[in-house]
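Have a look at the structure below before the remarks.
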Amino acid sequence: RSGSDGSCPSTGVAALLCGPGIRLGPNQRMYKKPFSVQAQNLLSKKDLKGLKTQLGEQYPGLDDKVLDQLLPDGQVKVLKLDSRCLLYAAGEQPPVFFDAEGRGDFYPTLTTLWQFPNLMLELTIHPEVSKYVLNGADLMLPGVLVPANGVAGFGTVTKGQKRCIKIEGNPYPIAVGKMLVNQTQMEKLKGKGLEVMHVYKDTLWAFGGKAVPNAGFSEKEDEITACEDRSWVPGAAPVPATPAGGSTATPTAPAAGEGSPVAAADAVPAASTAAPTDASPASGGGGARAAEDWSQDELLDFCFMQAFEVSLTDDKSLPIEASELYEKHMKPARPEGTTLDVKKSSHKQIGKYLNAMRKAKAIEVVEKKSVVSVTKVDHGHKVFRQFAEKFGADAGAAAASAASVANAPAAAAGLPPPQVSTVWKPTHYLEPMWKEMGKSKSELYSWEGAKKILVSYVEREGLGSGDSGTVKLSEDLLTALFKAAGAQKKDQVWPETAEFAELEEKLQDRMQEHTIIDVAGVGPTTRKGPLQKVEVSLSRKGAHNITRICNLEAYGLDVTSLGDELKRKLNCTVHIEDMPGKNSKDKLLQLQGHVDQELAEFLKDRYGITKSFMSVK
């Protein structure tokens with residue numbers, strides 16, 4: 001435990017989790033102290049629409065149906081606290097989201113996460129570690145459980161990424177926060193990893209009604225314990241703690257996330273919340289889990305296993321491209337009632353997921369011109385054994401679903417969404433290094449590919465070994481990564497060594513980001529810079545409503561042809577003009593009327609471009 005002054009302990013697990021210089025006092029967590037509501041206002045339709053759009057962009061797993069359930073029209077109010085924090089609640093129900101600093105950076109409250117436990121990416125810890133998080137400490141990486149397939153199982157980690165914390169053996173999150181490390185730092189599993197923004201038993205939890213999702217949250221005073229009960233619904237009476245060694249009762253209430261949330265009293269459990277229903281998830285007796293209990297990461301693992309255990313058992317079918325594996329073998333293997341969408345997983349792209357499996361040595365892959373293909377599969381690898389053990393009860397039920405999906409017309413599933421990948425192009429600073437390694441500066445490289453060139457160069461020049469540790473800085477390496485063009489300061493002193501993690505950051509600074517968008521039926525289009533959404537703006541010109549669309553070329557679409565097609569389909573006038581700027585070859589498409597909904601439907605049906613690739617203003 002912490003000292004009486006809130007300082008960190010010097011030894012034991014607590015020291016690992018707390019770390020030097022981190023205090024467990026009231027300033028460490030924003031909802032440690034009581035707060036007061038200074039003002040509250042009902043959101044207008046326009047503001048509510050904007051809020052839902054922002055939430056949909058920040059949490060791709062939130063579809064329109066869930067957002068409408070959490071934030072019903074005409075009922076959502078914003079509460080301004082005595083800090084900069086804003087709370088969003090529907091009627092008299094507990095807050096569902098909070099904006100920590102009033103800057104449009106939204107986090108779900110714990111009661112929202114207990115309804116939808118798979119809404120956020122997660123980090124899992126041992127139950128005994130939870131006491132330090134509950135006491136106010138940020139999460140230290142040595143306290144995090146590593147997935148079966150290694151660090152790659154965390155998916156892509158970026159600084160500032162929102163994640164929740166779960167306990168091993170308990171489906172409900174205990175805290176939410178943001179990552180303090182990037183992918184390279186995460187792989188080292190050292191230091192502080194996640195800043196906790198909201199945690200069980202803080203004042204925001206108390207303000208929301210002091211809900212207790214299952215017995216694991218009440219069995220011990222200062223620690224969350226394992227409990228597989230998933231039957232909690234908003235406003236339900238707290239589940240009594242189960243004696244140590246006992247079993248939890250079979251859930252009879254509807255699964256979290258089904259139906260509309262019921263109102264939660266401030267501190268008193270609601271009486272008679274919901275009647276038993278057949279929609280209850282199966283208890284841990286070996287039956288297949290309900291569709292809503294699958295996270296996208298679990299679906300990826302399950303469908304990956306099924307693809308190579310059912311439809312790709314013969315190595316003669318290899319090599320196979322990632323897109324073909326995903327569309328023709330993994331998607332048909334999904335459990336009934338679920339939707340596999342790699343973009344909503346922590347990996348974001350099927351290629352990145354397959355590379356994670358490659359790092360775990362379950363498969364071998366090759367990448368040519370940004371196309372990833374699986375060339376070899378180790379069916380006896382421990383990853384497949386662990387998946388079989390974890391998903392054994394679901395495999396049989398999925399077989400019938402896979403057969404029916406495989407026999408259905410291809411058009412029934414609709415077109416796949418665009419595949420997006422990020423690649424990098426070296427600047428002139430890196431040209432000597434690239435030439436030295438026999439590489440072309442004019443080509444595009446994946447980040448892993450660029451990093452390999454740097455590693456190979458460092459090893460070849462005898463400056464260091466591998467992709468970690470300290471590297472000696474030669475004059476050529478300083479010029480490539482540190483020095484700027486032009487005259488140098490007279491007394492400028494350059495470092496003699498640097499950590500490889502710093503070299504990676506410098507390398508990224510010396511490369512130009514490009515984005516490849518592969519649209520079904522159109523093919524890949526490469527553009528300089530990060531992903532650009534199709535920008536749709538609704539405005540008024542004179543006495544007419546108009547819809548203006550730009551960035552269509554980034555998706556490989558011909559604006560003139562698209563305008564002709566929309567003119568016929570929507571029966572409206574169309575105007576095309578050049579985008580501003582001397583060097584811009586892009587066009588702006590203008591349609592008569594406010595037709596953003598019709599446009600979104602058309603792009604989805606015609607090209608598979610969903611609303612997540614659009615920005616409406």
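The values are calculated or read from the model by the stated rules, or taken from the named source; none is laboratory data. Bear in mind that the values here come from a model prediction, so they are computed numbers and not experimental data. All Cβ positions, glycine included, derive from the backbone under ideal geometry; neighbour counts span all protein chains shown.
Selection of segment 124-159 for residues being in contact with an Asp or Glu (Cβ under 8 Å, 6 or more places away or on another chain), among the hydroxyl-bearing types (S, T, Y) and not in a helix (DSSP H, G or I) yields only T124.
For segment 38-52, which positions are of a type outside the set (D, E, K, R) and not in a strand (DSSP E or B)?
Across segment 38-52, the qualifying residues are L43, S44, L48, G50, L51.
For the structure I just gave you, tell me whether A211 is in contact with a helix residue (DSSP H, G or I) (Cβ under 6 Å, 6 or more places away or on another chain) and either outside the structural domain of A388 (by the TED database) or among the aliphatic types (A, V, I, L, M) (or both). Yes.
Of everything in segment 529-569 that is in a loop (DSSP other than H, G, I, E, B) and free of Cβ contacts under 8 Å to residues at least 12 places away in the same chain, the residue that is nearest to the chain's Cα centre (by Cα) is D558. Checking each residue in segment 332-358 for being surrounded by 20 or more Cβ atoms within 10 Å (Cβ to Cβ), among the polar types (S, T, N, Q) and under 20 Å from F613 (Cβ atoms) picks out S345, S346.
From the list L113, L121, L139, L134, exactly one residue is touching a Lys or Arg at 6+ places or on another chain (Cβ under 9 Å) and surrounded by 21 or more Cβ atoms within 10 Å (Cβ to Cβ). Which is it? Let's see the steps before the verdict.
Working: L113 fails: touching a Lys or Arg at 6+ places or on another chain (Cβ under 9 Å); L121 fails: surrounded by 21 or more Cβ atoms within 10 Å (Cβ to Cβ); L134 fails: surrounded by 21 or more Cβ atoms within 10 Å (Cβ to Cβ).
Within the list L113, L121, L139, L134, the selection yields L139.
Taken over segment 456-498, the residue count meeting the criterion of being within 38 Å of the chain's Cα centre (by Cα) and under 26 Å from Q183 (Cβ atoms) is 24. Taking only segment 69-123 into account, find how many residues are more than 16 Å from F35 (Cβ to Cβ) and either without any contact (Cβ under 8 Å) to a residue 12 or more places away in the chain or assigned to a loop (DSSP other than H, G, I, E, B) (or both). Looking only at that region, the number is 17.
Results for (1) crowded, with 20+ Cβ neighbours inside 10 Å; (2) of a type in the set (A, V, I, L, M, F, W, C); (3) in a strand (DSSP E or B); (4) modelled with pLDDT of 80 or more, shown as yes or no for each residue.
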| position | (1), (2), (3), (4) |
| --- | --- |
| T313 | no, no, no, no |
| M330 | yes, yes, no, yes |
| G392 | no, no, no, no |
| A395 | no, yes, no, no |
| A399 | no, yes, no, no |
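Determine whether A484 is of a type outside the set (V, I, T) and under 18 Å from S456 (Cβ atoms). Steps first, please.
Numbers: of a type outside the set (V, I, T): yes; under 18 Å from S456 (Cβ atoms): no.
In short, no.
In the set A90, A39, only one residue is out of contact with any Phe, Trp or Tyr (no Cβ under 6 Å at 6 or more places or on another chain), farther than 21 Å from C164 by Cα, among the aliphatic types (A, V, I, L, M) and at pLDDT below 90; that residue is A39.
Can you tell me which residue is surrounded by the most Cβ atoms within 10 Å (Cβ to Cβ) among those in segment 69-107 that are within 22 Å of A211 (Cβ to Cβ) and of a type in the set (D, E)? Write out each step before concluding.
Here is the first cut: in segment 69-107, the ones within 22 Å of A211 (Cβ to Cβ) are 69-72, 75-79, 81, 85-100, 106-107.
From what is left, the residues that are of a type in the set (D, E) are 92, 99.
Working: E92: 11, D99: 18.
In this case the residue turns out to be D99.
When the test is whether a residue is within 24 Å of the chain's Cα centre (by Cα), farther than 20 Å from L299 by Cβ, at pLDDT 75 or above and not small (G, A, S), V423 passes it.
What do you reckon, is V493 in contact (Cβ under 8 Å) with a residue 40 or more places away in the chain and farther than 30 Å from L552 by Cα? Give the steps one after another, and end with the answer.
Values: in contact (Cβ under 8 Å) with a residue 40 or more places away in the chain: no; farther than 30 Å from L552 by Cα: yes.
Criteria not met by V493.
Among residues that are touching a helix residue (DSSP H, G or I) at 6+ places or on another chain (Cβ under 7 Å), outside the structural domain of Y59 (by the TED database), over 20 Å from G56 (Cβ atoms) and of a type in the set (S, T, Y), T610 is not included.
Within segment 17-44, residues that are at positive phi sit with their Cβ atoms under 7 Å from residues that are at pLDDT below 50 and not aliphatic (A, V, I, L, M), at 6+ positions apart or across chains, in these pairs: G19/C8. If you go through segment 467-491 and keep only what is over 22 Å from K435 (Cβ atoms) and surrounded by 10 or more Cβ atoms within 10 Å (Cβ to Cβ), you end up with S468, G469, T470, Q488.
Applying the criterion of being crowded, with 19+ Cβ neighbours inside 10 Å and not hydrophobic (A, V, I, L, M, F, W, C) to the residues of segment 163-178, the residue that is farthest from F116 (Cα to Cα) is G177. Can you confirm whether K166 is outside any loop (DSSP other than H, G, I, E, B) and touching a Gly at 6+ places or on another chain (Cβ under 7 Å)? So K166 does not fit the description; no.
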